[in-house]
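Any read-out appearing in this document is the output of simple, stated calculations on the displayed coordinates, not a laboratory observation. None of these values were measured; they are calculated from a predicted model. We place every Cβ from the backbone using ideal geometry, glycine too, and count neighbours over all the protein chains shown.
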Amino acid sequence: MRYAISGECTDAIAVDVTKAKNLLGENITTGRVLWLRHAHFYDASTAKVVLLYDITQDSAKTAGKRKFAIPCASGRTTVVDFPAPGLKFSTGCCAIMDATATSGVTGSFEVEYIGGAGYEEG
């Protein structure tokens with residue numbers, strides 16, 4: 001059975017935040033997988049890269065768990081749509097700002113400036 005899910009990150013994500021934050025604001029329901037179909041990011045300051053990981057909230061980056069890198073332009077909303085069935089997450093759908101990919105990165109993604117939609121299956 002499929003269950004539609006959408007939401008926004010309830011934590012700010014800044015360069016100095018090394019812990020993952022839930023892209024959709026909540027954990028994946030136990031016993032289900034998440035298929036991410038859409039993600040959006042609004043960047044009010046300098047260009048950044050957001051990394052999506054299949055890890056739990058407040059975890060550090062884990063080798064082999066990175067799912068996608070999304071470059072975000074300055075002062076713009078970046079929208080990513082994943083083709084069916086979507087990008088699969090089984091542990092958690094979390095975001096971390098990549099401070100190593102672009103030197104001089106400043107600012108942050110404020111609360112509710114990033115989010116997404118998809119469905120859980122289980």
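When only C-alpha pairs under 8 Å and at least 6 residues apart count, what is the relative contact order of the chain, in percent? Working shown, then result.
Values: 337 pairs, mean separation 57.9, N = 122.
The value is 47 percent.
Please work out the Kirkwood hydrodynamic radius for the chain, using every pair of different C-alpha atoms, and report it in angstroms with one decimal place.
On the way: mean 1/r = 0.0708 Å⁻¹.
Averaging 1/r across every pair of different Cα atoms and inverting gives 14.1 Å.
What order, most packed first, do the peptides 6-15, 56-65, 82-91, 19-28 have when packing is the mean number of other Cβ atoms within 10 Å of each residue? Working shown, then result.
Working: 6-15: 17.1, 56-65: 12.8, 82-91: 14.6, 19-28: 20.1.
By packing density, highest mean first, the sequence is 19-28, 6-15, 82-91, 56-65.
Simple spin-label model, 7 Å along Cα-to-Cβ: THR62 to TYR42 in nm?
In this crude label model, THR62 to TYR42 measures out at 3.2 nm.
Using unit Cβ charges (K, R positive; D, E negative) and no other charged atoms, how large, in debye to the nearest 20, is the dipole of the stretch 1-50 about its Cα centre? Mind dumping the intermediate values first?
Values: 6 positive and 5 negative charges, 55 e Å.
The calculation lands at about 260 debye.
Classify the stretch 44-103 from the C-alpha gyration tensor, please: rounded if a/c falls under 1.5, else prolate or oblate depending on whether a/b exceeds b/c. Display every interim value, and only then the final one.
Details: a/c = 2.32, a/b = 1.29, b/c = 1.80.
It comes out oblate by the Cα gyration axes.
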